[in-house]
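Just so it is clear, none of the values below were taken in a lab; they were calculated from the coordinates. Note that the coordinates shown come from a computational prediction; the quantities given were computed from them, not determined experimentally. Every residue, glycine among them, receives a Cβ derived from its backbone with ideal geometry; neighbour counts consider all protein chains shown.
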């Protein structure tokens, strides 16, 4: 492959090219990934989001990795849709610990008509706090996508999970085309896309390459690409899967960064099982987004204070939202940021 092209946004990736990236010596791959990363992002900033499960369990889908599936017996307590004010209370707490985006997930095949008004209120309430909004509610049709967009939803998460070839080994209750159709509906409505996959489900390196090709070759690459490490939950079919090689995980992060140079690559599920050193290497490989909070929907996640300590050790700052303001507002924001930085070396006032 032509290394001079690395860093260009492309939509014509082929399997042989991506396999060549995976086959690179590890140090060479990370060097190229870090070079691409620095061309598009501050290498010492990481975007911070918080994820909340607003409706838990009893999902009709049969995703073999998921403890929320109604097809498997796990220790998960089923919960109905949270009340709007309870969700907004959690969003306020997320903002206080430095999150700039609040993500809400519901274990649905697709949102129902009776639930949509509550979902809309949640979006509007979080937006009023000055935070970005993201939701994952299952499959969406065009009308539902438009309704969420009109409410102000910034991002919609809908993961591809894996390659088209391996997908049938994971899920049978919805097709790969269903997932692509939802992403297409989200794009048509004008929302940003958050879409990635999960490693450690028994897929091959070729499957990982296939998943990244699907994402990178979309007409518009996802703005956010979560790379998850399988959390092996007792009661799910993947509970006894072999532990993923950390080097293989980092390789995938690096390849994702090279293929989608302008996207945020999110170090997502599985961080509870990652050492600080593994996370640091993932940031070097091009990951520049994480979830704060003790849970990712239903699985454990490092506490915010642990992430803050790691950021401090690595010299990393939370990424701030970029918005257009008047000159007076920009000057006021700058003064507030300077004052905040003097008080706390690591975090800015997220309300600015």
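Quick look at the numbers
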quantity: Sequence of 314, 267 once ranked by neighbouring C-beta atoms within 10 Å, starting from the fewest; calculated: 314, 267
quantity: Simple spin-label estimate for residue 124 and residue 172 in nanometres, 7 Å along Cα-Cβ; calculated: 4.3
quantity: Length added when fully stretched, residue 44-residue 83, from 0.36 nm per residue minus Cα-Cα; calculated: 10.3 nm
quantity: Pairwise FRET efficiency - residue 248 versus residue 306, Cβ, R0 = 22 Å, nearest 0.05; calculated: 0.35
quantity: Extension gain from residue 314 to residue 114, taking 0.36 nm per residue of separation minus the Cα-Cα distance; calculated: 67.4 nm
quantity: Pair residue 96, residue 205: separation of 7 Å Cα→Cβ label points (nm); calculated: 4.7
quantity: Potential lengthening between residue 165 and residue 184 on full extension [0.36 nm per residue; Cα-Cα distance subtracted]; calculated: 4.8 nm
quantity: Cβ-based exposure ranking for 173, 236, 275, in which fewest neighbours within 10 Å come first; calculated: 275, 173, 236
quantity: Peptides 153-162, 198-207 ordered by average Cβ neighbours within 10 Å, highest first; calculated: 153-162, 198-207
